[in-house]
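Here is the structure we will look at, set down as structure tokens.
Values quoted throughout were computed directly from the atomic coordinates according to the rules given, and no laboratory measurement underlies them. What you see is a predicted model; the values in this text were computed from it and never measured. Backbone-built Cβ (ideal geometry, glycine too); neighbour counts: all protein chains shown.
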């Protein structure tokens, strides 16, 4: 897989993580300021995801895309796969 395609895959994975964080943050929020923050995060993630998917389609049309390539780095950069913990999860661990 070309490095540019690999980066698109990582970008898509990053946007999915951003959306999960926005959902978790919104569920755990205690004020409207956080609601605005996580709404902006979700909106930005969706816009970036849409752009990355369009770029992926263009690369597929060129015949470069390899669906079987895992979302891990060939260049020593870890994939985006660590779970996000909510404040409630962290508090449970502290007890």
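Report, by residue number, each residue of the range 1-12 that is farther than 15 Å from residue 50 by Cβ and part of a helix (DSSP H, G or I).
We begin by selecting, within the range 1-12, every residue farther than 15 Å from residue 50 by Cβ; these are 1-7, 9-10.
Matches in the range 1-12: 3, 4, 5, 6, 7, 9, 10.
Matching residues to (1) without any contact (Cβ under 8 Å) to a residue 40 or more places away in the chain; (2) closer than 25 Å to residue 6 by Cβ; (3) surrounded by 11 or more Cβ atoms within 10 Å (Cβ to Cβ):
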residue: 20; (1), (2), (3): no, yes, yes
residue: 26; (1), (2), (3): yes, no, yes
residue: 30; (1), (2), (3): yes, no, no
residue: 33; (1), (2), (3): yes, no, no
residue: 37; (1), (2), (3): yes, no, yes
residue: 41; (1), (2), (3): yes, yes, yes
residue: 44; (1), (2), (3): yes, yes, yes
residue: 53; (1), (2), (3): no, yes, yes
residue: 58; (1), (2), (3): yes, yes, yes
